[in-house]
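Below is the structure I would like to discuss, written out as structure tokens.
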Amino acid sequence: QQQFDSENEILRGEQKIDRQRTMIILTAAVLLLLALLAVGLFGRYRYIRNTNRIISEEKKRSDGLLLNILPKDTAAELISHGHVKAKKYNSVTVMFTDFLGFTRYADDLPPEELVKAVDYYFSRFDQIIERHGLEKIKTVGDAYLCAGGLPDPSIDHPERIIRAAFDIIDLVKKAKYDENDLTRFDVRIGISTGPVVAGVVGSMKFAYDIWGDTVNCASRMETNSEPMRINVSQYTFELVKDKFDFTPRGEIEVKNKGKMRMYFAEPPESKDSKRAFQGDASLIV
């Protein structure tokens, strides 16, 4: 009996050891699974965090690109609502510029040289337009279109457009004497004031554009301008005739619009020169 009890005691001890071993193995297995789960969750967290960072960076980049092609408020509306409501502006001043003889240059110049020259001018036009608080609309070939009075309405947009036009003329004049190998152009400018409709077109490539007779009139002013001159419409002239000197051109026949009164805006220095001459003349008398 004593031997039997001893054997049972040994058996119970072995069973206890087996249970402890099993418990240790199960605990180790659970800990291993928890560790693997933690590693997996951490990896998932890092993946989600990196993905969110990439999405955030891409969104900032996308928003930045929109701000480069759309006015700030218009871009914000597109981002928030997915579309932009077209708006009518009752008073906007529109300016067209065009390089003389560009078609001939485009046929004769190497592509790289042509693009380099156009970029030289247009990138500086952009700086001038921004400095005067105007809105670049688009470029088409060698034509540059901008406007004042939108998307934020203002009352001095005709004056700011004309001052920007003078700066463009000065830039083009000075570019002729820059020591570089760029092809030089003369520019022709047309300006008109009136109502326009503005909106965003396109679904894959967005473009902010303006439409209306005022845009067509500004284009006609440019077409009927002269090299290195700023040609303005009758209504624009009436709005700023006390701000600048103008040379009346009378009525000129315009394609699809009949006869229109036009005026050349004279640079400020011409007024100063005129006053200086009158002062000298009075001294002589």
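In segment 121-157, how many residues are over 14 Å from the mean Cα position of the chain (by Cα) and of a type in the set (Ser, Thr, Tyr)? Lay out the reasoning, then the answer.
At the first step, the residues of segment 121-157 found to be over 14 Å from the mean Cα position of the chain (by Cα) are 121, 132, 140-143, 148-149, 152-157.
In the following step, the residues that additionally are of a type in the set (Ser, Thr, Tyr) were identified as 121, 154.
Counting residues in segment 121-157 that are over 14 Å from the mean Cα position of the chain (by Cα) and of a type in the set (Ser, Thr, Tyr) gives 2.
Among the residues of segment 92-117, how many are over 18 Å from Arg163 (Cα atoms), under 23 Å from the mean Cα position of the chain (by Cα) and not basic (Lys, Arg)? Break it down stepwise before answering.
Looking only at segment 92-117, we keep the residues that are over 18 Å from Arg163 (Cα atoms), and these are 99-117.
Within this subset, residues satisfying the condition of being under 23 Å from the mean Cα position of the chain (by Cα) are 99, 114-117.
Remaining after also requiring not basic (Lys, Arg): 99, 114-115, 117.
Adding up the residues that qualify gives 4.
For Ile155, all conditions in the list (1) of a type outside the set (Ser, Thr, Tyr); (2) part of a helix (DSSP H, G or I); (3) within 20 Å of Asp245 (Cα to Cα) hold save one; what is the number of the exception?
So the condition that Ile155 fails would be (2).
Residues being without any contact (Cβ under 8 Å) to a residue 60 or more places away in the chain and either assigned to a helix (DSSP H, G or I) or at negative phi (or both): count how many of those fall in segment 230-252. So that I can check it myself, show each step before the final result.
Looking only at segment 230-252, we keep the residues that are without any contact (Cβ under 8 Å) to a residue 60 or more places away in the chain, and these are 231, 233-235, 237-238, 241-242, 245-252.
Okay, now just the ones that are also either assigned to a helix (DSSP H, G or I) or at negative phi (or both), so 231, 233-235, 237-238, 241-242, 245-249, 251-252.
Here the count works out to 15.
Just for segment 251-285: of the residues that are hydroxyl-bearing (Ser, Thr, Tyr) and under 35 Å from the mean Cα position of the chain (by Cα), which one is modelled with the highest pLDDT? Lay out the reasoning, then the answer.
Step one: list which residues in segment 251-285 are hydroxyl-bearing (Ser, Thr, Tyr), which gives 263, 270, 273, 282.
Right, trim to under 35 Å from the mean Cα position of the chain (by Cα) and you get 263, 270.
Numbers: Tyr263: 97, Ser270: 55.
Of everything passing the filter in segment 251-285, Tyr263 is modelled with the highest pLDDT.
Does Phe102 count as touching an Asp or Glu at 6+ places or on another chain (Cβ under 7 Å) and at pLDDT below 90?
On the way: touching an Asp or Glu at 6+ places or on another chain (Cβ under 7 Å): yes; at pLDDT below 90: yes.
The answer is yes for Phe102.
Of these, Met204, Met221, which one is out of contact with any Pro (no Cβ under 9 Å at 6 or more places or on another chain), of a type in the set (A, V, I, L, M) and without any contact (Cβ under 8 Å) to a residue 12 or more places away in the chain?
Working: Met221 fails: without any contact (Cβ under 8 Å) to a residue 12 or more places away in the chain.
Answer to the check: Met204.
Determine whether Ser225 is within 27 Å of the chain's Cα centre (by Cα), modelled with pLDDT of 85 or more and surrounded by 17 or more Cβ atoms within 10 Å (Cβ to Cβ). Can you show your working first?
Values: within 27 Å of the chain's Cα centre (by Cα): no; modelled with pLDDT of 85 or more: yes; surrounded by 17 or more Cβ atoms within 10 Å (Cβ to Cβ): yes.
Considered against the rule, which asks whether it is within 27 Å of the chain's Cα centre (by Cα), modelled with pLDDT of 85 or more and surrounded by 17 or more Cβ atoms within 10 Å (Cβ to Cβ), Ser225 comes out as no.
Pick from segment 164-210 the residues that are closer than 27 Å to Lys72 by Cβ and part of a loop (DSSP other than H, G, I, E, B): which of them is nearest to the chain's Cα centre (by Cα)?
Result: Phe206.
Same structure, new question: Can Thr97 be described as outside any helix (DSSP H, G or I) and more than 22 Å from Thr236 (Cβ to Cβ)?
On the way: outside any helix (DSSP H, G or I): yes; more than 22 Å from Thr236 (Cβ to Cβ): no.
Against the criterion (outside any helix (DSSP H, G or I) and more than 22 Å from Thr236 (Cβ to Cβ)), Thr97 does not qualify.
Quick grid of which residues meet (1) at pLDDT 95 or above; (2) out of contact with any helix residue (DSSP H, G or I) (no Cβ under 7 Å at 6 or more places or on another chain); (3) of a type in the set (Gly, Ala, Ser); (4) farther than 16 Å from Phe99 by Cβ:
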{"position": "Gly202", "(1), (2), (3), (4)": "no, yes, yes, yes"}
{"position": "Tyr208", "(1), (2), (3), (4)": "no, no, no, yes"}
{"position": "Arg229", "(1), (2), (3), (4)": "yes, yes, no, no"}
{"position": "Glu238", "(1), (2), (3), (4)": "yes, yes, no, yes"}
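Quick grid of which residues meet (1) part of a helix (DSSP H, G or I); (2) at pLDDT 85 or above:
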site	(1), (2)
Phe42	yes, yes
Glu57	yes, no
Ser80	yes, no
Ser91	no, yes
Leu114	yes, yes
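Now a separate question. Name every residue in segment 239-254 that is surrounded by 14 or more Cβ atoms within 10 Å (Cβ to Cβ) and among the acidic types (Asp, Glu), in order of residue number.
The answer is Asp245, and nothing else.
The values are calculated or read from the model by the stated rules, or taken from the named source; none is laboratory data. Here the structure is a predicted model, which means the values were calculated and not measured. When we count neighbours, we look across all protein chains shown, and the Cβ atoms used for this are built from the backbone with ideal geometry, even at glycine.
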